[in-house]
1. How about segment 23-37: which of its residues are more than 14 Å from Val112 (Cβ to Cβ) and outside any helix (DSSP H, G or I)?
2. Inspect all residues belonging to segment 121-137 and state whether any of them is at pLDDT 85 or above, open to solvent by 30 Å² or more (accessible area, probe 1.4 Å) and not acidic (Asp, Glu).
3. Which condition from (1) out of contact with any helix residue (DSSP H, G or I) (no Cβ under 9 Å at 6 or more places or on another chain); (2) of a type in the set (Gly, Ala, Ser); (3) within 29 Å of Leu179 (Cα to Cα) is the one that Gly75 breaks?
4. Looking only at segment 81-110, how many residues end up being surrounded by 16 or more Cβ atoms within 10 Å (Cβ to Cβ), of a type in the set (Gly, Ala, Ser) and more than 19 Å from Arg122 (Cβ to Cβ)?
5. Provide a single number: the residues in segment 167-196 that are in contact with a helix residue (DSSP H, G or I) (Cβ under 7 Å, 6 or more places away or on another chain) and open to solvent by less than 60 Å² (accessible area, probe 1.4 Å).
6. Evaluate segment 40-49: report whether one residue or more is over 19 Å from Arg29 (Cβ atoms) and surrounded by fewer than 18 Cβ atoms within 10 Å (Cβ to Cβ).
7. What pairs can you find where one residue is in segment 183-208 and under 14 Å from Ala270 (Cβ atoms), the other is basic (Lys, Arg) and open to solvent by 20 Å² or more (accessible area, probe 1.4 Å), and their Cβ atoms are less than 6 Å apart, with a gap of 6+ or different chains?
8. Every residue in segment 87-113 that is at pLDDT below 95, of a type in the set (Val, Ile, Thr) and either assigned to a loop (DSSP other than H, G, I, E, B) or under 13 Å from Gln66 (Cβ atoms) (or both), please.
Amino acid sequence: MVAGRLFLWSTAGDQWVNCPPDEITWLDRGTLSDNEDLSLHRAPRCAGLRFVQHRWELFSRDVTHQVYLAPDTAGAPHGAEAVRRAARHVLPAAPESYEARPLVLEPGLWLVSVASRVLRLRLDMPAESRADTAEPDGNELPVTVGNTVVRRGAAAGATRKDAVARVRGYFERNATARLAMAYYYQEFILGVSPPQTVPMLDVVIALNLSGEGAVSDYKKLLQGFIWSERGHARDLTGFLLMNGLLTAADLNEARLVAEQNERAGVCDMARQRLRYRPKSE
């Protein structure tokens, strides 16, 4: 797959500067203000740009400032207030130690505003990359899940056209399902090699789900949203991660809920309800 190339506009050099795909480009105090604005944070407590799952993401660990993303159209003013008014996406201030859900950047020119600072972005997407992401005639499409490559053949041809929108809408309506799937697939999200799913019963206890079959029910429901025929259980992980439907931010949120449940005794009550005994006992 041919990667898109992301650039930042350097006012000092009066030129576009390439963002390396193998490391995070932090939108920190130095990048945004040349270390002049002390209200801005340093890495890693700030916003950043990273290349994951063949896409560029804008994410934020800034606990103070919202991050605004607006199209950089011809003649548009570049002031922070103008960017906020024209913003197409807004990343909220992140909870302490957790990042806000990232945004997948689309090709084109963009303006990013943090506090009173504005930075220009340019994402160039070669034609080869658009061809690689297509799924013509049911040909196999390689999907990277963590460090594992999954091949999707005829299953890709059976994908519903509105599958991504249906799953995203479902996750927005049902946060419990989203967190359960993130907790279940956490090794895939983290890039563990080789990744394994978390035991379903552990997910049920950690997030205090309704019963032992809850995770399995979520999986079947999601497969129905995505494919027009039954099956494809092995393709589910790749689809969710490749389309940005499960992210590190979702996993962070799921782990925070699990930690809060453990401290509050909710997990102990769930164990009793399910008559669960650890393998060590």
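1. Going residue by residue through segment 23-37, those that are more than 14 Å from Val112 (Cβ to Cβ) are 23-24, 29-30, 34-37.
Listed by number, the residues that qualify are Glu23, Ile24, Asp34, Asn35, Glu36, Asp37.
2. yes
3. The one condition Gly75 does not meet is (3).
4. 2
5. Final tally of qualifying residues: 16.
6. Taking every residue of segment 40-49 in turn, none turns out to be over 19 Å from Arg29 (Cβ atoms) and surrounded by fewer than 18 Cβ atoms within 10 Å (Cβ to Cβ).
7. Listed by first residue and then by second, the contacts come to Ile205/Arg271.
8. Val90, the sole residue that qualifies.
The values are calculated or read from the model by the stated rules, or taken from the named source; none is laboratory data. Quick caveat: nothing in here was measured; it's all calculated off a predicted structure. As a convention, Cβ positions derive from the backbone with ideal geometry for all residues, glycine included, and neighbour counts pool all protein chains shown. For accessibility, only protein heavy atoms count, side chains too; no ligands or nucleic acids. Shrake-Rupley method; radii C 1.70, N 1.55, O 1.52, S 1.80 Å.
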